[in-house]
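The values are calculated or read from the model by the stated rules, or taken from the named source; none is laboratory data. Nothing here was measured: the structure is a model prediction, and the numbers come from that model. Note: ideal-geometry Cβ built from the backbone for every residue, glycine included; neighbour counts use all protein chains shown. Side chains are part of the model used for accessible areas, which takes the heavy atoms of the whole protein and leaves out ligands, DNA and RNA. Shrake-Rupley method; radii C 1.70, N 1.55, O 1.52, S 1.80 Å.
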Amino acid sequence: WQIMIHGESYKPIVAEAAKKSADKVYNRVCVTHLLLDEAKENRIAGAVGFNVRTGNYHVFKSKTVVVGAGGASNLFKPRSVGEGAGRVWYAPWSSGSAYGLLINAGAKMTQMENRIVLARFKDGYGPVGAYFLHLKTYTQNGLGEEYESKWFPDLQKMVGKEYLDPEASHRTHRPIPTCLRNHAFISEVNAGRGPIHMVTMEAFQDPHLEEVGWENFLGMTVGQAVLWAATDVDPKYQNPELTTSEPYVMGSHATGCGAWCSGPEDVSPPEYFWGYNRMMTVEGLFGAGDAVGGTPHAFSSGSFTEGRLSAKAACKYIDDGKAEGIVVSDKQIDDRKAEVYKPLEHYKIYRNEITAGTVNPNYINPRQGLDRLQKLMDEYGGGVTVNYMTNEKLLNIGLKKLKILEEDLEKVAAENIHELLRAWELKHRHRTSECVMQHTLFRKETRWPGYY
């Protein structure tokens with residue numbers, strides 16, 4: 001099931017087709033809020049944001065809105081710190097806007113507790129799947145032992161026999177679900193038998209496989225190849241270390257976070273269908289990819305296919321006359337404008353009261369806010385430093401701290417337009433984090449061992 005997709009080649013092809021089909025394309029606009037219709041409750045009316053180069057305010061009035069922004073990285077404290085903080089698995093620019101925008105517009109969310117934790121090459125976050133499946137590599141613990149099967153009995157008790165019973169070959173999942181492989185990995189390290197290594201020394205003796213192995217990273221995660229070169233790791237003569245990443249929140253890869261959307265007309269039972277495919281609980285608001293909950297394993301091709309489905313459904317919604325008579329007052333637009341630029345104003349008013357460096361009694365800057373959010377989510381929401389574990393007591397403390405942080409975000413200050421972008425990313429990440437904690441609190445059992 002591992003198909004080399006050559007994303008670097010097909011993404012420009014898809015983008016070109018999208019550009020040709022669009023009447024007008026606006027780039028570099030950070031969308032901060034969705035507009036709501038004032039004539040009919042719970043109906044979408046457009047979006048607002050600002051240009052990250054000029055600072056201009058943009059108002060888009062529309063009959064429907066399709067949200068296809070990415071999921072959320074950097075909610076949890078990353079393993080990489082300082083200069084390496086951008087070295088994360090999932091795109092650092094995916095700031096949870098796909099969720100923050102929807103939640104604030106009143107959309108109902110689903111499965112936001114289903115975070116993803118990745119097994120990756122240490123510190124460079126280079127992917128391991130291509131190595132496992134393409135180069136037929138395998139893992140060992142620090143003692144050079146095969147360890148996964150040792151955890152099968154415990155896992156069988158937790159998730160049921162059918163997932164892991166080698167005897168019941170017709171019912172056994174192959175490959176073993178990723179979260180369960182993670183669970184074995186994390187458990188082995190906790191038992192003191194780390195680090196976990198990827199056995200590359202055998203595969204890399206074959207010159208063709210060695211070339212494929214390096215090419216894999218030079219085409220996809222160049223930082224991993226650079227890191228190995230910089231730290232004197234040659235995978236032909238030394239098995240590189242693996243680790244598990246901090247959690248990420250997304251809807252398209254292998255996790256199901258996102259908005260509760262209407263299913264397709266032809267296959268959905270009535271309770272999963274309310275008129276238009278991919279429409280959220282807010283009328284006229286559609287989603288695709290990371291924005292839509294409960295449709296994991298869409299990956300790249302699934303996401304752009306879903307985009308096509310939701311665009312067609314949005315057009316049908318308009319053709320059926322469902323978007324008639326939308327009213328957006330100047331007041332709503334002006335109120336949003338004041339809100340969007342408030343961090344810049346706040347900075348202007350209080351900037352002279354800095355006591356030292358970036359310390360100011362009247363505001364916090366976006367970086368300080370992000371550090372605070374990540375520490376909080378890490379310790380109370382089940383991040384790396386607590387081995388992905390949380391409980392009801394911890395989550396309730398976390399939610400209280402998030403509430404206090406929300407009050408302080410009213411006083412976030414932006415020195416320039418770039419910081420204004422960071423401020424709004426932080427606000428969207430904060431809202432997404434709150435949603436993650438609420439959903440996790442709602443679940444009374446661990447549904448994804450190895451993710452949490």
Would you grab the residues whose amide H sits under 5 Å from the one on V67? Only those 5+ places off in sequence or on another chain, please, with H modelled 1.01 Å from N.
-> F286, G287, A288
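Treat every Asp and Glu Cβ in the chain as -1 and every Lys and Arg Cβ as +1, leave all other atoms uncharged, and give the resulting dipole magnitude about the Cα centre to the nearest 20 debye.
Numbers: 52 positive and 54 negative charges, 174 e Å.
I would put it at about 840 debye.
Per the 1.4 Å probe, what fraction of the accessible area of the chain, in percent, lies on carbon and sulfur atoms? Please report the intermediate quantities before stating the final value.
Working: 12150 of 22520 Å².
The computed percentage sits at 54.
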Around P343: net Lys/Arg minus Asp/Glu count, Cβ-Cβ under 11 Å = 0
Where does the chain land at 222 nm, in deg cm²/dmol rounded to the nearest 500, when only DSSP H runs of n ≥ 4 count, each adding -39500 (n - 2.57), divided by all residues?
-> -12500 deg cm²/dmol
Peptide ranges 370-381, 18-29 listed from the most packed, as the mean C-beta count within 10 angstrom indicates = 370-381, 18-29
May I have the pair-distance distribution P(r) for segment 170-244, computed from all Cα-Cα distances with 10 Å bins from 0 and rounded to whole percent?
-> 16, 37, 35, 10, 1
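Report the FRET efficiency, 1/(1 + (r/R0)^6), for F442 and M201, where r is their Cβ-Cβ distance and R0 is 30 Å, rounded to 0.05.
Working: r = 46 Å, r/R0 = 1.53.
The pair F442/M201 has a calculated efficiency of 0.05.
For the chain, what is the accessible area per residue in Å² when the probe is 1.4 Å? Show your work: numbers first, answer last.
Working: 22520 Å² over 452 residues.
Result: 50 Å² of accessible area for each residue.
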D234 versus V222: modelled label distance in nm, points set 7 Å from Cα along the beta carbon direction | 2.4
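Taking 0.36 nm per residue of sequence separation and subtracting the Cα-Cα distance, how much length would be gained by fully extending the chain between D319 and R53, in nm to one decimal?
Length gained between D319 and R53: 92.2 nm.
Tell me, in nm to one decimal, what length is gained between V386 and E41 on full extension, where the rule is 0.36 nm per residue of separation less the Cα-Cα distance? Show your work: numbers first, answer last.
On the way: separation 345, 0.36 × 345 = 124.20 nm, distance 4.31 nm.
Between V386 and E41, full extension yields an extra 119.9 nm.
Taking Rh as the Kirkwood radius computed over C-alpha pairs, what is the Stokes-Einstein D of segment 330-442 at 25 °C in a medium of viscosity 0.890 mPa s, expressed in µm² per second? Intermediate results must be reported in sequence, preceding the final value.
Values: Rh = 15.1 Å.
Taking Rh from Cα pairs, D becomes 162 µm²/s.
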Placing +1 at every Lys and Arg Cβ and -1 at every Asp and Glu Cβ, with all other atoms neutral, what dipole size does segment 311-452 have around its Cα centre, in debye to the nearest 20?
-> 380
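Tell me, what is the Rg over Rh of segment 116-246, with Rh the Kirkwood radius over Cα pairs? If you can, show how the numbers build up before the last one.
On the way: Rg = 15.4 Å, Rh = 15.6 Å.
Dividing the radius of gyration by the Kirkwood radius yields 0.99.
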Give the Debye-formula value of log10 I(q)/I(0) at each listed q (0.13, 0.25 Å⁻¹), with one equal scatterer per alpha carbon of segment 282-366, two decimals each.
-> -0.75, -1.13
Along Cα→Cβ, 7 Å out, is where each label goes; now give me the distance between the ones at S80 and L133 in nm to one decimal.
-> 2.4
Built amide H within the under 5 Å cut-off of L35, gap 5+ | A45, G46, A47, V48
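Quick one: if the Förster radius is 30 Å, what FRET efficiency do S329 and A18 give, using the C-beta to C-beta distance and rounding to 0.05? Don't jump to the answer; show the numbers that get you there.
Values: r = 32 Å, r/R0 = 1.07.
For R0 = 30 Å, the calculated efficiency reads 0.40.
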Collect residues whose amide H, placed 1.01 Å from N in the peptide plane, falls under 5 Å from the amide H of M279; neighbours closer than 5 in sequence don't count.
-> S262
Step through the residues of segment 245-252 one at a time and calculate ³J(HN,Hα) from phi using the Karplus curve (6.51 cos²θ - 1.76 cosθ + 1.60, θ = phi - 60°), rounding each to whole Hz and writing x for Gly and Pro.
-> 7, 5, x, 10, 10, 7, x, 9
Among all lysine pairs in segment 330-442 that are eight or more places apart or on different chains, how many have alpha carbons less than 15 angstrom apart?
-> 11
All-pairs alpha carbon distance profile, the chain, 10 Å steps from 0, percent = 4, 18, 28, 26, 16, 7, 1, 0
